[in-house]
Amino acid sequence: VRSHFLSSGYLILVLCLLSSAVEQEQVQKRTFTNWINAQLSKRNSPSLVQDLFADLSDGTRLLDLLEVMSGQRLVSVNTDLSMMYMPWDSSM
């Protein structure tokens, strides 16, 4: 009976720790998203991040953030893969 109690207590402790870690990650993600939005609000044409990972995935808002932080205008990159050209080496 005692080993069952200890294993149940251990399981509860593990679940609490996992729950706490997930909650802490959510708080950090929300805090960082709010900080990014505060920085992006300083732009002439403010942009907004709602989902941290999805909204930064294509790099456009990341470039916006870098422009705000550096105070310099950065060159935009065309993300259309059909517009990318690679040198052709006919010897291959």
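See the values below:
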read-out: Close pairs from region 15-32: first within 18 Å of ASP55 (Cα to Cα), partner open to solvent by less than 100 Å² (accessible area, probe 1.4 Å) and in a helix (DSSP H, G or I), Cβ under 8 Å, at least 6 apart; value: LYS29/LEU52; PHE32/LEU52
read-out: Residues located in region 1-60, provided they are in a helix (DSSP H, G or I), β-branched (Val, Ile, Thr) and open to solvent by less than 100 Å² (accessible area, probe 1.4 Å); value: VAL14, VAL22, VAL27, THR31, THR33, ILE36, THR60
read-out: Candidate set: region 62-78, residues that are more than 11 Å from the chain's Cα centre (by Cα) and part of a helix (DSSP H, G or I); chosen: the one farthest from ASN37 (Cα to Cα); value: SER70
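The values are calculated or read from the model by the stated rules, or taken from the named source; none is laboratory data. Since the structure is predicted, the reported quantities are computational estimates derived from the model, not experimental observations. Ideal geometry is used to build each Cβ from the backbone, glycine not excepted, and the neighbour counts take in all protein chains shown. Calculation scope for accessible area: heavy atoms of the full protein, side chains included, ligands and nucleic acids excluded. Shrake-Rupley method; radii C 1.70, N 1.55, O 1.52, S 1.80 Å.
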